[in-house]
Amino acid sequence: MNVLIITKSDDNESVETVSRALVERGARPIRFDTDRFPTDVRLALRYGDPRLTSSLASGGDAIDLGEIDSVWYRRVDVGARIPTNVEKSMRGPCIAESRATVFGMIACLDVFQMNSPGRVRVADQKPLQLRLAEHLGLVVPKTLITNDPERVREFARGCPNGFVAKMLSSFAIGEGDEERVVFTNRVKPEDLDDLDGLRLSPMTFQEEIAKKLEIRVTIVGDRCFAAAVDSQALDRAQIDWRREGSALVDAWKPYVLPPDVESRLGRLMDRLRLDYGAIDLILTPDGRHVFLEINPAGEFFWLEGGAGLPLSAAIADTLVDPSHRRRR
């Protein structure tokens, strides 16, 4: 069995741990580092002649794309190695054409994909996630996504315990090598007098939820894994635990979700047609589980070490064995 892994050269250890798990199950992992296309990897998509095959080649090795049995779509960085000294008017179109070719290839692979780019693109829409989660009976925070300062001030009046600001999709801003991570931040009263930046970009505002624990739920195929961390133990992690992600990496512990919450999250996965999802929840002091978001390509590597969750094995099982996939 051949499993194509769509990734990039500087991806983390997750690709290697899943690859080892695939080999243990008798499968052959085939790594496609998308940043090496089109400069180092050759791709040929052929149609109209049954004697010709479509292939993916790197160095002296080539794989007939008709021999791929499943796909793990993880990361893409197509065209990253196209030289920066290429004329700007040419480099952009070269990257765009390369991306179109890669995504065209993936779309033509008539095999199980976890998760296909099309499903990731739909599931990534945070407004859709919140609407579906609320419809399925999950608790969601009061949320406003807007570029209208007056609506923000109105929203503030409905959040007596305060509220936070976050980006809807971007996690880093900047250009080239100069990027700055954008964390979730508490909105101060004086910030309401300085909302001019909304003219250039909308932002997401959510009521501040009291936290007992932060929970990461990872659903892989038909299995659900959860881990929790006390983000309130560190001052800089209280609003956004990612500020102290390294310091908290060994503090994550396995967590048992209430059956009704697990069931609703499974139904959310089915509505979004996903076989992999990393879901963020908050456990409040009064015992409510509040849904924040689902990431259809979210990270999981730190949960294998600290919390001991067998996620690489679950991913490999889902890629090679249809009985582990979600039945919708």
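The values are calculated or read from the model by the stated rules, or taken from the named source; none is laboratory data. A quick note: this is a predicted structure, and the numbers were derived from the prediction, not measured. Every residue, glycine among them, receives a Cβ derived from its backbone with ideal geometry; neighbour counts consider all protein chains shown.
Taking into account only those residues within segment 184-225 that are free of Cβ contacts under 8 Å to residues at least 40 places away in the same chain and part of a loop (DSSP other than H, G, I, E, B), which is surrounded by the fewest Cβ atoms within 10 Å (Cβ to Cβ)?
Step by step, filter segment 184-225, then rank; the result is 200.
Residue by residue, here is whether (1) more than 16 Å from residue 100 (Cα to Cα); (2) part of a helix (DSSP H, G or I); (3) touching a residue at least 60 places away in the same chain (Cβ under 8 Å) holds:
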{"site": "12", "(1), (2), (3)": "yes, no, yes"}
{"site": "21", "(1), (2), (3)": "yes, yes, yes"}
{"site": "31", "(1), (2), (3)": "yes, no, no"}
{"site": "49", "(1), (2), (3)": "yes, no, no"}
{"site": "53", "(1), (2), (3)": "yes, no, no"}
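Within segment 232-253, can you find the residues that are more than 21 Å from the chain's Cα centre (by Cα) and either of a type in the set (S, T, N, Q) or part of a loop (DSSP other than H, G, I, E, B) (or both)?
Correct list: 232, 234, 238, 250, 251.
For segment 78-99, which residues satisfy the criterion of being in a helix (DSSP H, G or I), among the basic types (Lys, Arg) and either modelled with pLDDT of 95 or more or within 17 Å of residue 38 (Cβ to Cβ) (or both)?
91, 99
For segment 263-288, what are the residues that are crowded, with 16+ Cβ neighbours inside 10 Å and either among the aromatic types (Phe, Trp, Tyr) or without any contact (Cβ under 8 Å) to a residue 40 or more places away in the chain (or both)?
Passing the criteria: only 276.
Taking the stated definitions as given, is residue 237 crowded, with 19+ Cβ neighbours inside 10 Å, under 19 Å from residue 292 (Cβ atoms), out of contact with any Phe, Trp or Tyr (no Cβ under 6 Å at 6 or more places or on another chain) and at pLDDT below 95?
yes
For residue 256, only one of the following conditions fails: (1) under 22 Å from the mean Cα position of the chain (by Cα); (2) modelled with pLDDT of 75 or more. What is its number?
(1)
Any chance segment 241-258 includes a residue that's surrounded by fewer than 14 Cβ atoms within 10 Å (Cβ to Cβ), of a type outside the set (Phe, Trp, Tyr) and in contact with a His (Cβ under 9 Å, 6 or more places away or on another chain)?
The answer is yes; a qualifying residue exists.
Of the residues that make up segment 110-133, is at least one of a type in the set (Lys, Arg) and within 18 Å of residue 275 (Cβ to Cβ)?
Yes - at least one qualifying residue is present in segment 110-133.
Give me a count of the residues in segment 56-77 that are more than 16 Å from residue 8 (Cα to Cα) and in a loop (DSSP other than H, G, I, E, B).
Residues meeting the conditions: 4.
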